[in-house]
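The values are calculated or read from the model by the stated rules, or taken from the named source; none is laboratory data. Source: prediction; values computed, not measured. Reconstructed Cβ throughout: ideal geometry from the backbone, glycine too, with neighbour counts over all protein chains shown. Keep in mind that these areas ignore ligands, DNA and RNA; they rest on the heavy atoms of the full protein, side chains included. Shrake-Rupley method; radii C 1.70, N 1.55, O 1.52, S 1.80 Å.
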Amino acid sequence: MARVVAVTGNEAGAEALRQVNPDVCAAYPITPQTDMMQRFAGFVSNGQVDTEMILVESEHSAMSACIGAAAGGGRVITATSSQGLALMWEMLFIAAGDRLPIVMPVVNRALSAPLNIHGDHSDAMGARDSGWIQLWSENAQEAYDNIIQAFRIAEHMDIRLPVMVCLDGFIISHSIERVEYLDDEVVREFVGEYRPMNPLLDVDNPKSYGPLILPDLYHEYKRAQHEVMGRVKGVVLEVASEFEKISGRRYGLFESYRLEDADLVMVILNSAAGTAKDVIDHYRDRGIKAGLLKPRLFRPFPYEEVAEALRNAKAVAVLDRADSFGAYGPLFVEITSATLHLDKRPFLINKIYGLGGRDFLPEHAGQVLEELKEIVETGRVKTIKEYIGVRE
Amino acid sequence: MSEPFWKRLTPGSVILEAGNAVEFKTGSWRAFRPVWKEENCIHCLFCWMFCPDMSVIVEDGKMKGFNYDYCKGCGICALECPGKKGKKAIEMQEEGK
Ligand code: SF4
Ligand code: SF4
(Lines give C-alpha, C1' and ligand atoms only; values in the text may rest on other atoms or scores of the structure.)
(Ligands and ions follow the chains in the order given, each with its own letter.)
Protein backbone atom coordinates (compact mmCIF):
# COMPACT_ATOMS: atom_id res chain seq x y z
CA MET A 1 0.00 0.00 0.00
CA ALA A 2 1.22 3.46 -0.85
CA ARG A 3 1.99 5.62 2.15
CA VAL A 4 0.83 9.23 2.42
CA VAL A 5 3.38 11.37 4.21
CA ALA A 6 4.16 15.00 4.93
CA VAL A 7 7.74 15.57 3.81
CA THR A 8 10.08 18.11 2.23
CA GLY A 9 11.24 17.81 -1.38
CA ASN A 10 14.70 16.77 -0.23
CA GLU A 11 13.24 14.10 2.01
CA ALA A 12 11.10 12.75 -0.83
CA GLY A 13 14.14 12.71 -3.12
CA ALA A 14 16.25 10.83 -0.57
CA GLU A 15 13.40 8.35 -0.05
CA ALA A 16 13.17 7.62 -3.79
CA LEU A 17 16.94 7.04 -3.87
CA ARG A 18 16.73 4.74 -0.83
CA GLN A 19 14.03 2.69 -2.49
CA VAL A 20 16.06 2.35 -5.68
CA ASN A 21 19.11 1.30 -3.61
CA PRO A 22 21.86 2.25 -6.09
CA ASP A 23 25.34 0.71 -6.09
CA VAL A 24 27.39 3.87 -5.72
CA CYS A 25 26.85 7.46 -4.60
CA ALA A 26 29.55 10.14 -4.67
CA ALA A 27 28.42 13.51 -3.39
CA TYR A 28 29.54 16.78 -1.88
CA PRO A 29 27.37 19.03 0.29
CA ILE A 30 25.92 22.25 -1.11
CA THR A 31 22.88 24.21 0.00
CA PRO A 32 20.01 23.54 -0.66
CA GLN A 33 20.84 19.98 -1.78
CA THR A 34 22.91 19.03 1.32
CA ASP A 35 19.94 17.78 3.24
CA MET A 36 19.03 15.25 0.52
CA MET A 37 22.47 13.63 0.43
CA GLN A 38 22.77 13.87 4.22
CA ARG A 39 19.57 11.86 4.56
CA PHE A 40 20.81 9.40 1.98
CA ALA A 41 24.16 9.06 3.78
CA GLY A 42 22.10 8.26 6.88
CA PHE A 43 20.46 5.37 5.00
CA VAL A 44 23.95 4.14 4.07
CA SER A 45 25.20 4.35 7.68
CA ASN A 46 22.13 2.61 9.03
CA GLY A 47 22.47 -0.24 6.57
CA GLN A 48 19.14 0.59 4.89
CA VAL A 49 20.81 0.56 1.46
CA ASP A 50 23.77 -1.37 0.05
CA THR A 51 25.21 1.73 -1.60
CA GLU A 52 28.93 2.45 -1.51
CA MET A 53 29.09 6.11 -0.42
CA ILE A 54 32.16 7.94 -1.68
CA LEU A 55 32.99 11.14 0.15
CA VAL A 56 34.85 13.49 -2.12
CA GLU A 57 36.46 16.90 -1.82
CA SER A 58 34.41 18.72 -4.45
CA GLU A 59 31.61 18.32 -6.96
CA HIS A 60 34.15 18.00 -9.75
CA SER A 61 35.44 14.93 -7.93
CA ALA A 62 31.92 13.74 -7.13
CA MET A 63 31.01 13.64 -10.81
CA SER A 64 34.40 12.14 -11.68
CA ALA A 65 33.84 9.34 -9.16
CA CYS A 66 30.33 8.81 -10.52
CA ILE A 67 31.73 8.51 -14.04
CA GLY A 68 34.30 5.93 -12.90
CA ALA A 69 31.73 3.94 -10.97
CA ALA A 70 29.20 4.01 -13.83
CA ALA A 71 31.88 2.96 -16.35
CA GLY A 72 32.78 0.22 -13.90
CA GLY A 73 29.25 -1.10 -14.26
CA GLY A 74 27.31 0.26 -11.28
CA ARG A 75 24.01 2.07 -10.87
CA VAL A 76 25.20 5.49 -9.75
CA ILE A 77 23.68 8.60 -8.20
CA THR A 78 24.67 12.00 -6.89
CA ALA A 79 22.88 15.27 -6.22
CA THR A 80 23.90 18.90 -6.37
CA SER A 81 22.92 22.56 -6.63
CA SER A 82 24.17 25.83 -8.04
CA GLN A 83 27.94 26.29 -7.73
CA GLY A 84 28.28 22.56 -7.25
CA LEU A 85 26.71 21.90 -10.63
CA ALA A 86 28.85 24.67 -12.09
CA LEU A 87 31.96 22.99 -10.69
CA MET A 88 30.88 19.69 -12.29
CA TRP A 89 30.46 21.34 -15.66
CA GLU A 90 33.51 19.78 -17.31
CA MET A 91 32.59 16.30 -16.09
CA LEU A 92 28.92 16.59 -17.12
CA PHE A 93 29.89 16.45 -20.77
CA ILE A 94 32.08 13.40 -20.12
CA ALA A 95 29.27 11.53 -18.34
CA ALA A 96 26.96 12.21 -21.30
CA GLY A 97 29.58 11.62 -24.00
CA ASP A 98 30.55 8.31 -22.38
CA ARG A 99 26.82 7.46 -22.29
CA LEU A 100 26.73 6.72 -18.57
CA PRO A 101 23.24 6.52 -17.03
CA ILE A 102 23.92 8.49 -13.84
CA VAL A 103 20.87 9.93 -12.04
CA MET A 104 21.29 13.31 -10.36
CA PRO A 105 18.68 15.39 -8.56
CA VAL A 106 19.51 19.08 -9.04
CA VAL A 107 18.02 21.29 -6.35
CA ASN A 108 17.86 24.49 -8.37
CA ARG A 109 19.58 27.51 -6.89
CA ALA A 110 20.93 30.84 -8.11
CA LEU A 111 24.55 31.26 -9.19
CA SER A 112 27.05 33.70 -7.67
CA ALA A 113 27.78 36.62 -7.82
CA PRO A 114 26.24 38.05 -5.72
CA LEU A 115 26.20 35.01 -3.49
CA ASN A 116 22.68 33.67 -3.04
CA ILE A 117 21.51 30.28 -1.82
CA HIS A 118 17.87 30.50 -2.94
CA GLY A 119 15.92 28.97 -5.74
CA ASP A 120 16.27 29.86 -9.39
CA HIS A 121 17.05 27.91 -12.55
CA SER A 122 20.38 29.43 -13.57
CA ASP A 123 22.29 26.31 -12.52
CA ALA A 124 20.46 23.70 -14.56
CA MET A 125 19.93 26.07 -17.50
CA GLY A 126 23.69 26.50 -17.64
CA ALA A 127 24.00 22.74 -18.04
CA ARG A 128 21.30 22.34 -20.65
CA ASP A 129 23.77 21.72 -23.50
CA SER A 130 25.82 19.11 -21.64
CA GLY A 131 24.02 16.16 -23.21
CA TRP A 132 22.09 15.25 -20.04
CA ILE A 133 18.40 14.53 -20.11
CA GLN A 134 16.53 17.04 -17.92
CA LEU A 135 13.26 16.38 -16.11
CA TRP A 136 11.70 19.29 -14.18
CA SER A 137 9.40 18.94 -11.18
CA GLU A 138 6.74 21.29 -9.81
CA ASN A 139 6.56 19.86 -6.30
CA ALA A 140 7.90 17.15 -3.97
CA GLN A 141 5.58 14.50 -5.45
CA GLU A 142 6.79 15.19 -8.97
CA ALA A 143 10.42 15.20 -7.80
CA TYR A 144 9.91 11.81 -6.14
CA ASP A 145 8.12 10.39 -9.19
CA ASN A 146 10.63 11.85 -11.64
CA ILE A 147 13.61 10.45 -9.74
CA ILE A 148 12.16 6.95 -9.88
CA GLN A 149 11.33 7.26 -13.58
CA ALA A 150 14.76 8.77 -14.29
CA PHE A 151 16.46 5.43 -13.65
CA ARG A 152 14.32 3.68 -16.23
CA ILE A 153 14.91 6.41 -18.79
CA ALA A 154 18.67 6.70 -18.20
CA GLU A 155 19.26 2.95 -18.14
CA HIS A 156 17.07 2.09 -21.13
CA MET A 157 19.30 0.09 -23.49
CA ASP A 158 18.40 2.40 -26.41
CA ILE A 159 19.33 5.49 -24.40
CA ARG A 160 22.12 5.10 -21.80
CA LEU A 161 22.34 8.79 -20.91
CA PRO A 162 22.58 10.61 -17.57
CA VAL A 163 19.47 12.35 -16.22
CA MET A 164 19.08 15.46 -14.06
CA VAL A 165 15.89 15.78 -12.05
CA CYS A 166 15.32 19.45 -11.24
CA LEU A 167 13.33 20.76 -8.28
CA ASP A 168 13.25 24.27 -6.85
CA GLY A 169 15.65 25.07 -4.03
CA PHE A 170 13.95 25.84 -0.68
CA ILE A 171 10.53 26.43 -2.22
CA ILE A 172 10.29 22.67 -2.80
CA SER A 173 13.43 21.21 -1.23
CA HIS A 174 12.67 22.60 2.23
CA SER A 175 8.86 22.96 2.31
CA ILE A 176 6.71 20.20 3.71
CA GLU A 177 4.02 18.87 1.39
CA ARG A 178 1.76 15.88 1.06
CA VAL A 179 3.51 13.12 -0.86
CA GLU A 180 2.46 9.60 -1.74
CA TYR A 181 5.26 7.07 -1.43
CA LEU A 182 5.14 3.80 -3.32
CA ASP A 183 6.09 0.58 -1.61
CA ASP A 184 9.75 -0.39 -1.64
CA GLU A 185 9.08 -3.61 -3.59
CA VAL A 186 6.98 -1.75 -6.14
CA VAL A 187 9.78 0.76 -6.76
CA ARG A 188 12.41 -1.97 -6.90
CA GLU A 189 10.41 -3.99 -9.34
CA PHE A 190 9.72 -0.91 -11.45
CA VAL A 191 13.37 0.13 -11.80
CA GLY A 192 14.47 -3.51 -12.07
CA GLU A 193 17.89 -5.09 -11.84
CA TYR A 194 20.64 -2.84 -13.18
CA ARG A 195 21.95 -3.96 -16.55
CA PRO A 196 25.44 -2.64 -17.23
CA MET A 197 26.64 -1.91 -20.76
CA ASN A 198 30.33 -2.51 -21.48
CA PRO A 199 31.38 -2.44 -17.80
CA LEU A 200 35.07 -1.99 -17.02
CA LEU A 201 34.82 -4.52 -14.19
CA ASP A 202 34.11 -7.26 -16.71
CA VAL A 203 37.85 -7.97 -16.64
CA ASP A 204 37.62 -10.93 -19.00
CA ASN A 205 36.67 -8.47 -21.72
CA PRO A 206 39.10 -5.58 -21.28
CA LYS A 207 38.10 -2.27 -22.82
CA SER A 208 38.98 1.43 -22.72
CA TYR A 209 36.78 4.41 -21.83
CA GLY A 210 37.58 7.97 -22.80
CA PRO A 211 39.80 7.63 -25.86
CA LEU A 212 41.18 10.51 -27.90
CA ILE A 213 38.98 10.92 -30.97
CA LEU A 214 40.35 13.27 -33.59
CA PRO A 215 38.62 15.09 -36.46
CA ASP A 216 38.28 11.83 -38.42
CA LEU A 217 35.60 10.49 -36.00
CA TYR A 218 34.55 13.07 -33.37
CA HIS A 219 31.87 14.52 -35.64
CA GLU A 220 30.33 11.05 -36.13
CA TYR A 221 30.27 10.34 -32.37
CA LYS A 222 28.39 13.60 -31.83
CA ARG A 223 25.98 12.71 -34.63
CA ALA A 224 25.33 9.41 -32.83
CA GLN A 225 24.70 11.30 -29.56
CA HIS A 226 22.19 13.55 -31.36
CA GLU A 227 20.46 10.43 -32.66
CA VAL A 228 20.09 8.99 -29.15
CA MET A 229 18.47 12.19 -27.90
CA GLY A 230 15.88 11.71 -30.63
CA ARG A 231 14.82 8.44 -28.99
CA VAL A 232 14.37 9.91 -25.50
CA LYS A 233 10.84 11.33 -25.94
CA GLY A 234 9.43 7.92 -26.81
CA VAL A 235 11.11 6.26 -23.84
CA VAL A 236 9.97 9.02 -21.46
CA LEU A 237 6.35 8.43 -22.52
CA GLU A 238 6.69 4.65 -22.35
CA VAL A 239 8.17 4.84 -18.83
CA ALA A 240 5.47 7.35 -17.81
CA SER A 241 2.68 5.04 -18.91
CA GLU A 242 4.19 2.15 -16.92
CA PHE A 243 4.62 4.48 -13.96
CA GLU A 244 0.96 5.43 -14.18
CA LYS A 245 0.07 1.77 -13.72
CA ILE A 246 1.92 1.55 -10.40
CA SER A 247 1.12 5.03 -9.09
CA GLY A 248 -2.07 6.25 -10.74
CA ARG A 249 -0.22 9.46 -11.56
CA ARG A 250 0.04 10.51 -15.17
CA TYR A 251 3.09 12.21 -16.69
CA GLY A 252 3.85 13.42 -20.19
CA LEU A 253 6.49 15.49 -21.93
CA PHE A 254 4.84 18.57 -20.38
CA GLU A 255 1.73 19.39 -18.42
CA SER A 256 -1.16 21.21 -20.05
CA TYR A 257 -3.40 23.08 -17.65
CA ARG A 258 -6.66 24.42 -19.12
CA LEU A 259 -4.66 24.81 -22.31
CA GLU A 260 -6.86 23.20 -24.93
CA ASP A 261 -8.97 26.29 -25.78
CA ALA A 262 -6.75 28.92 -24.11
CA ASP A 263 -6.16 32.28 -25.82
CA LEU A 264 -3.68 33.55 -23.23
CA VAL A 265 -0.98 31.10 -22.24
CA MET A 266 1.78 31.14 -19.66
CA VAL A 267 4.72 28.77 -20.10
CA ILE A 268 6.44 28.22 -16.81
CA LEU A 269 8.73 25.61 -15.21
CA ASN A 270 8.65 24.03 -11.77
CA SER A 271 7.13 25.43 -8.55
CA ALA A 272 5.85 28.76 -9.90
CA ALA A 273 3.47 26.79 -12.11
CA GLY A 274 1.40 26.07 -9.01
CA THR A 275 0.83 29.77 -8.34
CA ALA A 276 0.12 30.40 -12.02
CA LYS A 277 -2.56 27.67 -12.11
CA ASP A 278 -4.41 29.34 -9.24
CA VAL A 279 -4.46 32.66 -11.05
CA ILE A 280 -5.55 30.97 -14.28
CA ASP A 281 -8.52 29.52 -12.39
CA HIS A 282 -9.54 33.03 -11.29
CA TYR A 283 -9.32 34.27 -14.89
CA ARG A 284 -11.35 31.30 -16.10
CA ASP A 285 -14.00 32.16 -13.49
CA ARG A 286 -14.20 35.59 -15.12
CA GLY A 287 -14.62 33.93 -18.53
CA ILE A 288 -11.13 34.69 -19.76
CA LYS A 289 -9.55 31.79 -21.57
CA ALA A 290 -6.21 31.47 -19.83
CA GLY A 291 -4.06 28.35 -19.71
CA LEU A 292 -0.64 27.02 -18.85
CA LEU A 293 2.03 24.82 -20.33
CA LYS A 294 4.57 23.45 -17.87
CA PRO A 295 7.52 21.68 -19.52
CA ARG A 296 8.67 18.48 -17.83
CA LEU A 297 11.18 17.16 -20.35
CA PHE A 298 13.38 20.16 -21.12
CA ARG A 299 16.23 18.17 -22.68
CA PRO A 300 15.62 16.88 -25.21
CA PHE A 301 13.02 19.58 -25.88
CA PRO A 302 9.75 18.28 -27.40
CA TYR A 303 9.41 20.99 -30.07
CA GLU A 304 6.70 19.36 -32.22
CA GLU A 305 4.44 18.48 -29.30
CA VAL A 306 4.81 21.93 -27.70
CA ALA A 307 4.05 23.61 -31.03
CA GLU A 308 0.93 21.49 -31.40
CA ALA A 309 -0.19 22.41 -27.88
CA LEU A 310 0.29 26.14 -28.59
CA ARG A 311 -1.30 26.05 -32.04
CA ASN A 312 -4.49 27.82 -30.95
CA ALA A 313 -2.99 30.29 -28.48
CA LYS A 314 -3.30 33.99 -29.29
CA ALA A 315 -0.58 35.27 -26.98
CA VAL A 316 2.02 33.39 -24.99
CA ALA A 317 4.15 34.63 -22.10
CA VAL A 318 7.22 32.53 -21.40
CA LEU A 319 8.45 32.96 -17.85
CA ASP A 320 12.11 32.31 -17.19
CA ARG A 321 13.61 31.89 -13.73
CA ALA A 322 17.06 32.33 -15.27
CA ASP A 323 18.47 34.97 -17.55
CA SER A 324 20.78 34.66 -20.51
CA PHE A 325 22.33 38.10 -20.24
CA GLY A 326 22.19 39.97 -23.49
CA ALA A 327 19.76 37.41 -24.89
CA TYR A 328 16.25 36.09 -24.31
CA GLY A 329 15.62 33.69 -21.43
CA PRO A 330 16.45 30.02 -22.10
CA LEU A 331 12.85 28.76 -22.02
CA PHE A 332 11.64 31.60 -24.28
CA VAL A 333 14.19 30.64 -26.92
CA GLU A 334 12.82 27.08 -26.98
CA ILE A 335 9.20 28.20 -27.22
CA THR A 336 9.90 30.65 -30.04
CA SER A 337 11.81 27.89 -31.87
CA ALA A 338 8.96 25.45 -31.32
CA THR A 339 6.30 27.83 -32.67
CA LEU A 340 8.41 29.01 -35.61
CA HIS A 341 6.74 26.65 -38.07
CA LEU A 342 3.13 27.27 -37.07
CA ASP A 343 1.04 28.87 -39.84
CA LYS A 344 -0.43 31.27 -37.33
CA ARG A 345 2.11 32.06 -34.67
CA PRO A 346 0.97 33.49 -31.32
CA PHE A 347 2.36 36.74 -29.97
CA LEU A 348 5.28 35.86 -27.68
CA ILE A 349 6.75 37.71 -24.73
CA ASN A 350 9.43 36.79 -22.22
CA LYS A 351 9.36 37.60 -18.51
CA ILE A 352 12.30 37.04 -16.19
CA TYR A 353 11.02 36.37 -12.66
CA GLY A 354 11.99 35.02 -9.29
CA LEU A 355 15.78 35.22 -9.48
CA GLY A 356 17.66 34.33 -6.30
CA GLY A 357 14.49 33.09 -4.63
CA ARG A 358 12.35 36.22 -5.18
CA ASP A 359 8.78 35.08 -4.63
CA PHE A 360 6.56 34.59 -7.64
CA LEU A 361 3.26 36.01 -6.42
CA PRO A 362 -0.26 35.69 -7.81
CA GLU A 363 -0.18 39.38 -8.76
CA HIS A 364 2.84 38.71 -10.98
CA ALA A 365 0.90 36.03 -12.86
CA GLY A 366 -2.05 38.43 -13.04
CA GLN A 367 0.15 41.20 -14.40
CA VAL A 368 1.43 38.87 -17.13
CA LEU A 369 -2.08 37.79 -18.13
CA GLU A 370 -3.22 41.44 -18.24
CA GLU A 371 -0.36 42.23 -20.58
CA LEU A 372 -1.26 39.26 -22.80
CA LYS A 373 -4.85 40.47 -22.88
CA GLU A 374 -3.74 43.91 -23.97
CA ILE A 375 -1.48 42.44 -26.65
CA VAL A 376 -4.37 40.47 -28.13
CA GLU A 377 -6.66 43.54 -27.99
CA THR A 378 -4.16 45.95 -29.57
CA GLY A 379 -2.30 43.46 -31.75
CA ARG A 380 0.95 44.97 -30.53
CA VAL A 381 3.86 43.74 -28.36
CA LYS A 382 5.54 46.64 -26.56
CA THR A 383 8.54 44.89 -25.05
CA ILE A 384 9.58 41.34 -25.83
CA LYS A 385 11.75 40.73 -22.78
CA GLU A 386 11.28 42.34 -19.37
CA TYR A 387 11.85 41.54 -15.70
CA ILE A 388 8.84 41.25 -13.40
CA GLY A 389 8.68 41.57 -9.63
CA VAL A 390 11.53 44.09 -9.52
CA ARG A 391 11.47 46.39 -6.47
CA GLU A 392 11.02 50.01 -7.47
CA MET B 1 20.88 2.24 -48.70
CA SER B 2 23.07 0.65 -46.05
CA GLU B 3 23.13 1.92 -42.50
CA PRO B 4 25.40 4.95 -42.10
CA PHE B 5 28.75 4.23 -40.56
CA TRP B 6 28.18 6.39 -37.47
CA LYS B 7 25.23 4.23 -36.43
CA ARG B 8 27.62 1.34 -35.87
CA LEU B 9 29.91 3.25 -33.49
CA THR B 10 30.15 1.83 -29.96
CA PRO B 11 28.08 3.95 -27.54
CA GLY B 12 30.21 6.39 -25.58
CA SER B 13 33.28 5.81 -27.80
CA VAL B 14 34.24 2.79 -25.68
CA ILE B 15 37.02 0.73 -27.28
CA LEU B 16 36.06 -2.93 -27.00
CA GLU B 17 39.15 -4.38 -28.64
CA ALA B 18 41.88 -4.84 -26.04
CA GLY B 19 45.43 -3.81 -26.86
CA ASN B 20 44.65 -2.17 -30.19
CA ALA B 21 46.99 0.71 -29.37
CA VAL B 22 49.59 -1.49 -31.06
CA GLU B 23 48.04 -0.49 -34.39
CA PHE B 24 48.66 3.19 -33.73
CA LYS B 25 52.33 3.84 -34.39
CA THR B 26 53.07 6.85 -32.26
CA GLY B 27 56.77 6.88 -33.16
CA SER B 28 56.02 9.44 -35.86
CA TRP B 29 55.45 12.08 -33.16
CA ARG B 30 59.17 11.95 -32.26
CA ALA B 31 61.42 14.99 -32.66
CA PHE B 32 64.40 13.45 -30.81
CA ARG B 33 65.42 9.79 -30.89
CA PRO B 34 67.17 7.89 -28.10
CA VAL B 35 70.36 6.24 -29.31
CA TRP B 36 71.80 3.34 -27.33
CA LYS B 37 75.57 3.22 -26.66
CA GLU B 38 76.05 -0.43 -25.79
CA GLU B 39 79.58 0.07 -24.51
CA ASN B 40 78.28 2.31 -21.66
CA CYS B 41 75.31 0.10 -20.71
CA ILE B 42 75.28 -1.72 -17.39
CA HIS B 43 71.89 -3.37 -18.09
CA CYS B 44 70.28 -1.90 -14.98
CA LEU B 45 67.01 -1.62 -17.01
CA PHE B 46 66.09 1.75 -15.55
CA CYS B 47 65.24 2.79 -19.10
CA TRP B 48 62.81 -0.14 -19.46
CA MET B 49 61.21 0.68 -16.14
CA PHE B 50 60.85 4.42 -16.73
CA CYS B 51 59.76 4.34 -20.36
CA PRO B 52 56.11 5.52 -20.33
CA ASP B 53 55.53 3.47 -23.48
CA MET B 54 56.94 -0.02 -24.08
CA SER B 55 59.72 1.06 -26.37
CA VAL B 56 62.76 -0.42 -24.66
CA ILE B 57 63.48 -3.91 -25.96
CA VAL B 58 64.74 -6.33 -23.33
CA GLU B 59 65.77 -9.92 -23.96
CA ASP B 60 67.01 -12.36 -21.29
CA GLY B 61 67.19 -9.57 -18.76
CA LYS B 62 69.38 -7.41 -20.98
CA MET B 63 68.80 -4.10 -22.74
CA LYS B 64 68.69 -4.70 -26.50
CA GLY B 65 67.78 -1.36 -28.03
CA PHE B 66 64.61 0.59 -28.89
CA ASN B 67 61.37 -0.07 -30.71
CA TYR B 68 61.08 3.13 -32.74
CA ASP B 69 57.54 2.34 -33.90
CA TYR B 70 56.23 3.59 -30.55
CA CYS B 71 59.07 5.60 -28.93
CA LYS B 72 57.91 9.23 -28.78
CA GLY B 73 61.33 10.58 -27.91
CA CYS B 74 60.34 11.91 -24.51
CA GLY B 75 63.91 11.45 -23.27
CA ILE B 76 63.01 10.03 -19.89
CA CYS B 77 65.20 6.96 -20.51
CA ALA B 78 68.17 9.15 -21.35
CA LEU B 79 67.63 11.27 -18.24
CA GLU B 80 67.35 8.26 -15.93
CA CYS B 81 70.18 6.22 -17.50
CA PRO B 82 73.12 6.02 -15.03
CA GLY B 83 75.53 4.64 -17.71
CA LYS B 84 79.10 3.67 -16.91
CA LYS B 85 81.71 5.91 -15.26
CA GLY B 86 79.74 9.07 -15.91
CA LYS B 87 79.10 8.21 -19.55
CA LYS B 88 75.42 7.79 -20.48
CA ALA B 89 74.39 4.73 -22.44
CA ILE B 90 71.47 6.68 -23.99
CA GLU B 91 71.84 9.89 -25.94
CA MET B 92 69.04 11.93 -27.51
CA GLN B 93 69.71 12.90 -31.11
CA GLU B 94 67.58 15.22 -33.18
CA GLU B 95 65.58 13.42 -35.88
CA GLY B 96 66.64 14.07 -39.45
CA LYS B 97 70.16 15.14 -38.48
S1 SF4 C 1 69.23 2.75 -18.19
FE2 SF4 C 1 71.13 2.99 -19.38
S3 SF4 C 1 72.54 1.63 -18.41
FE4 SF4 C 1 70.55 1.04 -17.63
S5 SF4 C 1 69.91 -0.56 -19.07
FE6 SF4 C 1 69.09 1.33 -19.87
S7 SF4 C 1 70.65 1.98 -21.32
FE8 SF4 C 1 71.60 0.48 -20.01
S1 SF4 D 1 62.54 8.35 -25.37
FE2 SF4 D 1 60.78 8.02 -24.03
S3 SF4 D 1 59.45 6.73 -25.25
FE4 SF4 D 1 61.44 6.60 -26.19
S5 SF4 D 1 62.38 4.83 -25.28
FE6 SF4 D 1 63.02 6.57 -24.09
S7 SF4 D 1 61.57 6.72 -22.43
FE8 SF4 D 1 60.67 5.36 -23.98
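Some points to look at:
- Gyration tensor verdict on chain B (Cα atoms; rounded if a/c is under 1.5, prolate if a/b is larger than b/c, oblate otherwise): prolate
- Relative contact order of the range A:254-387: 27 percent, from C-alpha pairs under 8 Å at least 6 residues apart in sequence.
- Within the range A:3-247, antiparallel bridges make up roughly 20 percent of the DSSP beta bridges whose residues both belong there.
- Dipole moment magnitude, nearest 20 debye, chain A about Cα centre, only Lys, Arg, Asp, Glu C-beta charged: 780 debye
- Quotient of Cα Rg and 2.2 N^0.38 Å for the protein assembly as shown, N being how many residues it contains: 1.21
- Relative contact order (%) - chain A, alpha-carbon pairs under 8 angstrom, separation at least six: 16 percent
- Solvent-accessible area of A:Glu371 with every protein chain in place, 1.4 Å probe, in Å² to the nearest 10: 50 Å²
- Result for chain A in a Gaussian network model with C-alpha springs under 10 Å: among A:Ile268, A:Ile67, A:Ile176, the largest mean-square fluctuation is at A:Ile176.
- Exposure ranking of A:Trp89, B:Trp36 by accessible area [1.4 Å probe, largest first]: A:Trp89, B:Trp36
- Distance between the range A:107-138 and the range A:242-274 - C-alpha centres, whole angstrom: 21 Å
- A cut-off of 5 Å between modelled amide H atoms, ignoring neighbours fewer than 5 places along the same chain, links B:Met92 with B:Val35.
- The protein assembly as shown: antiparallel DSSP beta bridges as a percent of all, rounded to 5: 40 percent
- Compared with the dominant Cα axis of chain A, that is its longest principal axis, helix A:362-378 is turned about 50°.
- Cross-link partners for B:Lys62 among the lysines, with Cα-Cα distance under 22 Å and sequence neighbours closer than 8 places in the same chain left out: B:Lys37, B:Lys72, B:Lys84, B:Lys85, B:Lys87, B:Lys88.
- 0 to 90° range, to nearest 10: angle between helix A:9-20 axis and chain A longest Cα axis: 40 degrees
- For B:Lys37, the solvent-accessible surface with a 1.4 Å probe is about 60 Å², rounded to the nearest 10.
- The Cys residues in chain B with no partner Cys Cβ within less than 4.7 Å of their Cβ are B:Cys41, B:Cys44, B:Cys51, B:Cys71, B:Cys74, B:Cys81.
- Under 5 Å between amide hydrogens, built in the peptide plane, is the criterion, and for A:Tyr387 it picks out A:Ile352 among residues at least 5 positions away or on other chains.
- By the rule of a C-alpha distance below 13 Å, with chain neighbours fewer than 8 residues away ignored, the aspartates and glutamates paired with A:Lys245 are A:Asp145, A:Glu189.
- Most tightly packed first, judged by the mean number of other beta-carbon atoms within 10 Å of their residues, the peptides A:296-304, B:39-47, A:313-321 read A:313-321, A:296-304, B:39-47.
- For chain B, relative contact order (Cα pairs under 8 Å, six or more residues apart, normalised by length) works out to 34 percent.
- Chains A and B, summed buried accessible surface - 1.4 Å probe, Å², nearest 100: 1400 Å²
- Dipole-positive endmost among A:Ala95, A:Ile153, A:Leu310 within the protein assembly as shown (Cβ charges, Cα centre): A:Ala95
- Taking the charge dipole of the protein assembly as shown about its Cα centre, with +1 at Lys and Arg Cβ atoms and -1 at Asp and Glu Cβ atoms, the residue from B:Ile76, A:His364, A:Pro162 reaching farthest to the positive side is B:Ile76.
- Helix A:272-285 vs. chain A, principal-axis angle (Cα, 0 to 90°, nearest 10): 30 degrees
- Area of B:Glu23 that stays accessible when all protein chains are in place (1.4 Å probe, Å², to 10): 130 Å²
- Residues in the range A:33-46 carry Karplus couplings, in order, of 6, 2, 4, 5, 6, 5, 5, 5, 4, x, 4, 5, 4, 7 Hz; the curve used is 6.51 cos²θ - 1.76 cosθ + 1.60 with θ = phi - 60°, and Gly or Pro positions show x.
- Fully extending the segment from A:Val5 to A:Ala113 would add 35.2 nm, taking 0.36 nm per residue of separation and subtracting the current Cα-Cα distance.
- Where A:Ile349, A:Ile30, A:Ile54 fall by accessible area, highest first, once all protein chains stay in place (1.4 Å): A:Ile54, A:Ile30, A:Ile349
- Counts of other chain beta carbons within 10 angstrom of each beta carbon in peptide B:13-20 average 6.
- Rounded if a/c under 1.5, otherwise prolate or oblate - the range A:254-387, Cα gyration tensor axes: rounded
- With a 1.4 Å probe rolled over the protein heavy atoms of all chains, the accessible area of A:Glu11, A:Glu386 falls in the order A:Glu386, A:Glu11, largest first.
- Computed over chain A, the per-residue total of -39500 (n - 2.57) for DSSP H runs of n ≥ 4 gives a 222 nm mean residue ellipticity of -13000 deg cm²/dmol, rounded to 500.
- Choice from A:Glu334, A:Glu227, A:Glu180 with maximal GNM fluctuation in chain A (Cα, 10 Å cutoff): A:Glu227
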